[in-house]
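The values are calculated or read from the model by the stated rules, or taken from the named source; none is laboratory data. All figures in this text were calculated on a predicted structure; none of them were measured in a lab. Every residue, glycine as well, gets a Cβ built from its backbone with ideal geometry; the counts of neighbours run over all protein chains shown. For accessibility, only protein heavy atoms count, side chains too; no ligands or nucleic acids. Shrake-Rupley method; radii C 1.70, N 1.55, O 1.52, S 1.80 Å.
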Amino acid sequence: MIKKTEAGLSLLEILVVVSIFAVLGILITRSVLSTLGGGKKSESLIRVRENLNYSMGVIERQLRNANAITDCSNTNTAAINYLDQEGATTSFSCVNVGAAGKVGYVASESAKLTNDTVNVTGCSFTCKLGTAGTPSSVKINLQGSDASATGVENAVVTTSTEVFLRNY
C-alpha cells in the first residue's frame, strides 16, 4: 500500500500571510501619504513666503524713499501713513487681519500687495521718530499662511524688518 501525502496550505497559514501583507500595505500607504503631505506643505510655504517677501520689498522701497512719517503715535499699528517723494500722503495697511471668515491682506492705499492664496494673519507697523543723528524708522512684522491649505499641510511664515528713512 502506497501512502500519499497531500501538500498544501492550511487556512491559518493563508491568514498569516494575508495579515503580513495587510500590515505592510498600511505602512507603505502611510509613508507615501506623509511624503505627499510634506510636498504640499513645502509648496504652501514657498507660495506664502514669496507673497510676503514681495509685499515686504514694496513696503521697504517706498518707506526708505519717503520724505516723512505723518503719524508716529503707534495708536494704530495696522497702518502707517507717510509722505512719499513727491510729497503726497499715502499709506500701507493691514486689512481683515484676524477677521473670521475673511482673507487678510496687506494693502498700499487700495491696492492689494498679497494675493488671495495667502491669508495675512498678523501685521503691524511700529514707527520711531528720528533724532538729530538718526533717521526715523519703521518696524514691520508680517505673518501669513496659505488660505487654501488645511491641517498639517498649512504653513505659517513670519517675517520682520526695520526700515530707516533716508535723510536728504
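Below is a table of values for the structure above.
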quantity: Under Karplus coefficients 6.51, -1.76 and 1.60, residue-wise ³J(HN,Hα) of region 102-118 in Hz, glycine/proline x; calculated: 10, 8, x, 8, 9, 10, 10, 6, 10, 8, 6, 9, 10, 8, 6, 7, 10
quantity: Under the Karplus curve 6.51 cos²θ - 1.76 cosθ + 1.60, θ = phi - 60°, whole-Hz ³J(HN,Hα) for region 65-75, x wherever Gly or Pro sits; calculated: 8, 5, 6, 6, 9, 7, 9, 10, 7, 6, 6
quantity: Accessible surface of region 92-140 [probe 1.4 Å, protein heavy atoms]: carbon and sulfur percent; calculated: 53 percent
quantity: 222 nm mean residue ellipticity, helices alone, for the chain (DSSP H n ≥ 4; -39,500 (n - 2.57); rounded to 500); calculated: -12000 deg cm²/dmol
quantity: Pair VAL156, LEU15: separation of 7 Å Cα→Cβ label points (nm); calculated: 4.9 nm
quantity: Heavy-atom surface of the chain, accessible at 1.4 Å and reported per residue (Å²); calculated: 64 Å²
quantity: Centre separation in Å (Cα based) which lies between region 50-94 and region 15-43; calculated: 49 Å
quantity: Lysine pairs meeting the criterion (Cα under 22 Å, 8 or more apart or interchain), as found in region 30-148; calculated: 4
quantity: Relative packing of peptides 68-76, 40-48, 13-21 - highest average C-beta neighbours within 10 Å first; calculated: 40-48, 68-76, 13-21
